[in-house]
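Report on the structure given below.
The values are calculated or read from the model by the stated rules, or taken from the named source; none is laboratory data. Remember, it's a predicted structure, so these values are computed and weren't measured experimentally. Quick reminder, even Gly has a Cβ in these numbers, built from the backbone with ideal geometry, and neighbours come from all protein chains shown. Keep in mind that these areas ignore ligands, DNA and RNA; they rest on the heavy atoms of the full protein, side chains included. Shrake-Rupley method; radii C 1.70, N 1.55, O 1.52, S 1.80 Å.
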Amino acid sequence: MNTSTAINFVAALVLCCLALSANALQIEPRSSWGAAAARSPSRIQGAVDYVIIHHSDNPNGCSTSEQCKRMIKNIQSDHKGRRNFSDIGYNFIVAGDGKVYEGRGFGLQGSHAPNYNRKSIGIVFIGNFERSAPSAQMLQNAKDLIELAKQRGYLKDNYTLFGHRQTKATSCPGDALYNEIKTWPHWRQN
């Protein structure tokens, strides 16, 4: 095997593994965490330009499915009640139990970043990530989710990644998580 063939083989193998990783991502449906029905959801047509990363600012996060589902349900109750959103604000939730949960899901407008809701996918990590970053599993799940959004046509290939603090005055997604996402390929300074 010559050098050129070997390089092509390795490149194909890497692309295959990335695709398999995103395809293997299991997204827990809204029904798994007992989501209440959304009030008048708004559809987004076509692929969006942005991914906005948040943290839920829950001090201890969650590590079991039971804890995570309870926290997600509480977030939805707060968003629909106190904040008067039509649903949980985020499109997806990355949890400490190793799972990704559907919030609003793909193709629906979130309520997570003013001026960006109609053109973004909002991903929240459950926990407070001021001082320490999420687990390697949580970070990989978010990356796989982003790749899946691109593969399914919900996110443009040349998307921009922001931390919530880049869209409004907030410390979200926490310093440690923000510093982590700044190393990801599509993060941009605004």
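Points to keep in mind about this one:
- When only the Cβ of Lys, Arg, Asp and Glu is charged (+1, +1, -1, -1), the dipole of the chain relative to its Cα centre reaches about 640 debye.
- The distance separating the Cα centre of segment 118-146 from that of segment 87-115 comes to 11 Å.
- Over 22 Å (Cα to Cα) - which of 80/182; 69/99; 69/156; 73/143 fall in this group: 80/182; 69/156; 73/143
- Annotation for segment 56-75 versus segment 29-54: alpha-carbon center distance of 18 Å.
- Accessible area per residue, Å², the chain with all protein chains present, probe 1.4 Å: 51 Å²
- Pairs of Cα atoms nearer than 8 Å and 6+ residues apart set the relative contact order; for segment 27-182 it is 31 percent.
- Residue-averaged 222 nm ellipticity for the chain, from DSSP H runs of 4+ at -39500 (n - 2.57), nearest 500: -10500 deg cm²/dmol
- Nitroxide proxy distance, nm - points 7 Å out along Cα→Cβ at residue 132 and residue 63: 0.9 nm
- Portion, in percent, of the accessible area of segment 27-182 that falls on carbon or sulfur, probe 1.4 Å: 42 percent
- Potential extension, residue 70-residue 169 segment - 0.36 nm per residue separation minus Cα distance: 32.8 nm
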